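**Student:** Below is one structure. I have some questions about it.
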Amino acid sequence: MSAGWFRRRFLPGGPFPEPRPAGPRSSPVPYHRPRFLRGSGSSPGATDASRRPDARPVRSPARGRTLPWNAGYAEVINAEKSEFNEDQAACGKLCIRRCEFGIEEDQEWLTVCPEEFLTGHYWALFDGHGGPAAAILAANTLHSCLRRQLEAVVEGMMAPQPPMHLSGRCVCPSDPQFVEEKGIQAEDLVIGALENAFQECDDVIGRELEASGQVGGCTALVAVFLQGKLYVANAGDSRAILVRRHEIRQLSSEFTPETERQRIQQLAFTYPELLAGEFTRLEFPRRLKGDDLGQKVLFRDHHMRGWSYKRVEKSDLKYPLIHGQGRQARLLGTLAVSRGLGDHQLRVLDTDIQLKPFLLSIPQVTVLDVHQLAVQEEDVVVMATDGLWDVLSNEQVALLVRSFLTGNQKDDPHRFSELAKMLIHNTQGKDNGATGEGQVSYDDVSVFVIPLHSQAQEGSGH
């Protein structure tokens, strides 16, 4: 059963075009690595000299090229898991322009003033699946979507309390009270802007991939600093943590088959035709066998967080939607998105595909009030794709970070890129004194290290 047949047979929205004949497809965007890696001295993608797990070259920005806040970055391509590095990264300064309503009451259009009204900073990692196209599109697009969404609410962000009417009109004298009762604050507008930006970006990716006959999607992990707060938005299995001298704080939660189990099972319950008669939505502790027929075994369905028993029927022997647990959980022939950052189109993927999360269009957002932290010089946020976290725990990463920053020159603007490189080296199977594990990640790995102390030197971002 092909994915193309599945789309034409089961998905709503009218007829789909016939599949293109086999052969190379045009990519919606050319393959490339992040722009800030230009001049780093290592050729990208499939042209890397060696793809052995212990000899893959680690790339980082060339000396003389600085990232926002002197953040560090490093990446390494997978060990021949795919032809290209499917991770992408982006960072830069966000310049938010002020929007004002027209003077006349009947002018409901917005006039965008040319001057900058609010500035912030942005770092993002994207981990593609089904090819690099979606991740490249997201890296090229999401920051622009976010800027537009922030410009639409910046007046409300700057007010003591977000007004009911952005134009300042007072239709109901109790409007401020209603807003206060809802607990709506400026940070809620930023969270909403992030969520809307993810949705807008997903629409762009979907159109581009469909027009070029491409499939796939990507995860997204984004950190945005505005008005003294760091907003970490995540959809996928990348992760961000805060590392301080005596604290480790996880700033994101991964989407995995296990965490998304009930949502996936609910989709299968509501649209059983998506299973095409080949899969069961029920979860069992293991794949059932013929000998289990007629026996009462543990199971759970979409409405259950706990477990119960049921008598095994023949239909229960089909492939399960979810198998395994934690980061090793797998989606077996399961429902997953076929594009971008959203779950608008579903398709059945090949059997035994490990999750590269079907990027949900609604990210989980964590807010870190940096100004309340009493930031120390060695406080950093580590953002990385799952290739790092598959072999290193939060505690191991924190140990490596603290050990590195204690013994390195504090006046070297590139030391955080050196730190990012060191973290990646610890995923390449080389024993070291800090973790003693010597584990190997065969996946693409991308790492940002963001020093929080740098923001104190740039002000609050106003």
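**Student:** Taking only protein heavy atoms and a 1.4 Å probe, what accessible area per residue, in Å², does the stretch 179-316 have with all protein chains in place?
**Tutor:** With all protein chains present, the stretch 179-316 gives 46 Å² per residue.
**Student:** May I ask you to order 217-223, 286-292, 160-166, 194-200 by the average number of other C-beta atoms within 10 Å around their residues, highest value first?
**Tutor:** Put in order of decreasing packing, that is 217-223, 194-200, 160-166, 286-292.
**Student:** Can you tell me how much longer the chain between Q364 and Q250 gets when fully stretched, taken as 0.36 nm per residue apart minus their C-alpha distance, in nm with one decimal?
**Tutor:** 39.8 nm
**Student:** Counting Lys +1, Arg +1, Asp -1, Glu -1, what net charge surrounds M164 among other residues with beta carbon under 12 Å of its beta carbon?
**Tutor:** Charge balance near M164 sits at -1.
**Student:** Using only the alpha carbons of the stretch 208-271, what is the convex hull's orientation-averaged projected area in square nanometres?
**Tutor:** In nm², the orientation-averaged hull projection of the stretch 208-271 is 7.6.
**Student:** Moving on. Past the 27 Å Cα-Cα mark, which pairs from K296/K318; K81/K410; K93/K410; K182/K229; K93/K421?
**Tutor:** K81/K410
**Student:** Still on this model: With label points built 7 Å along Cα→Cβ from the Cα atoms of R287 and R169, find their separation and express it in nm.
**Tutor:** 6.2
**Student:** While we're looking at this one, here's another question. Which value in nm describes the separation of the simple spin-label points at R207 and Q161, placed 7 Å from the Cα toward the beta carbon?
**Tutor:** Each label point is offset 7 Å from its Cα along the Cβ direction, giving 3.9 nm.
**Student:** Quick one: with all protein chains in place, what share of the accessible area of the stretch 165-264 is carbon or sulfur, to the nearest percent (1.4 Å probe)?
**Tutor:** Carbon-and-sulfur percentage of accessible area, whole number: 48.
The values are calculated or read from the model by the stated rules, or taken from the named source; none is laboratory data. Quick caveat: nothing in here was measured; it's all calculated off a predicted structure. Note that we place each Cβ from the backbone using ideal geometry, even for glycine, and neighbour counts take in every protein chain shown. The accessibility values were calculated without ligands, DNA or RNA, using every heavy atom of the protein model including side chains. Shrake-Rupley method; radii C 1.70, N 1.55, O 1.52, S 1.80 Å.
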